[in-house]
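So the structure is just underneath, and the comments pick up after that.
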Amino acid sequence: MGVDATAQADGRITIAVPLAPNVNDKGTGFGGSLAVVATLAGWVEVQRQLDLAGLGDSVEIVIQRGETTYLLPVTADFSATADELDTDVLGRFLRLFARKGLARLALTASVHCEGVLTARFEAEYVAKRAEVAV
């Protein structure tokens with residue numbers, strides 16, 4: 001895929017990939033690649049938030065649900081970044097994780113190509129402390 005990660009000024013991570021290895025038979029971005037890049041951007045954001053709260057050690061994060069809405073064809077290199085999280089939603093997630101070692105976080109990631117929004121990814125991730133039984 002050719003993944004490259006870059007930190008934004010606010011700390012969120014942008015996952016960028018070149019078009020060439022992620023192209024479909026139409027010569028545009030392969031939908032699966034867009035979904036994977038967005039999934040990774042969301043996963044990284046969940047881990048980053050846990051790390052910032054001092055809760056990121058020995059955590060397993062999995063995606064529970066993800067849905068991609070494709071808005072425009074991707075015709076060049078593209079990237080995905082998790083959207084800013086609502087502070088109340090994030091606070092509830094972190095408090096629950098700190099108390100129970102298991103919590104779910106819904107978030108959205110945006111896929112851009114040449115500065116234009118090309119896809120939206122809505123997902124739920126589950127974070128579990130490694131020693132917590134499900």
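The values are calculated or read from the model by the stated rules, or taken from the named source; none is laboratory data. Just so it is clear, the model here is predicted, and its values are computed rather than measured. When we count neighbours, we look across all protein chains shown, and the Cβ atoms used for this are built from the backbone with ideal geometry, even at glycine. In case anyone asks, the SASA skips ligands and DNA or RNA and just uses the protein heavy atoms, side chains included. Shrake-Rupley method; radii C 1.70, N 1.55, O 1.52, S 1.80 Å.
Among T75, T81, which is the only one that is outside any strand (DSSP E or B) and either β-branched (V, I, T) or under 22 Å from V37 (Cα atoms) (or both)?
Numbers: T81 fails: outside any strand (DSSP E or B).
T75 is the lone residue from the list that is outside any strand (DSSP E or B) and either β-branched (V, I, T) or under 22 Å from V37 (Cα atoms) (or both).
Within the stretch 62-114, if we keep just the residues that are under 18 Å from D51 (Cα atoms) and basic (K, R), the residue that is surrounded by the fewest Cβ atoms within 10 Å (Cβ to Cβ) turns out to be R99.
Quick check: is even one residue across the stretch 10-21 part of a loop (DSSP other than H, G, I, E, B) and open to solvent by 80 Å² or more (accessible area, probe 1.4 Å)?
There is no residue in the stretch 10-21 that is part of a loop (DSSP other than H, G, I, E, B) and open to solvent by 80 Å² or more (accessible area, probe 1.4 Å).
The condition of being assigned to a strand (DSSP E or B), touching a residue at least 40 places away in the same chain (Cβ under 8 Å) and not basic (K, R) does not hold for E45. Tell me yes or no: at least one residue of the stretch 117-133 is surrounded by fewer than 18 Cβ atoms within 10 Å (Cβ to Cβ), out of contact with any Asp or Glu (no Cβ under 8 Å at 6 or more places or on another chain), closer than 20 Å to A5 by Cα and free of Cβ contacts under 8 Å to residues at least 24 places away in the same chain. So far as the stretch 117-133 goes, no, none of its residues is surrounded by fewer than 18 Cβ atoms within 10 Å (Cβ to Cβ), out of contact with any Asp or Glu (no Cβ under 8 Å at 6 or more places or on another chain), closer than 20 Å to A5 by Cα and free of Cβ contacts under 8 Å to residues at least 24 places away in the same chain.
Restricting to the stretch 48-61, count the residues that are free of Cβ contacts under 8 Å to residues at least 40 places away in the same chain and open to solvent by less than 50 Å² (accessible area, probe 1.4 Å).
In the first step, residues of the stretch 48-61 are kept if they are free of Cβ contacts under 8 Å to residues at least 40 places away in the same chain; the result is 48, 51, 54, 56-57.
Imposing the further condition that a residue be open to solvent by less than 50 Å² (accessible area, probe 1.4 Å) reduces the set to 48, 56.
Residues meeting the conditions: 2.
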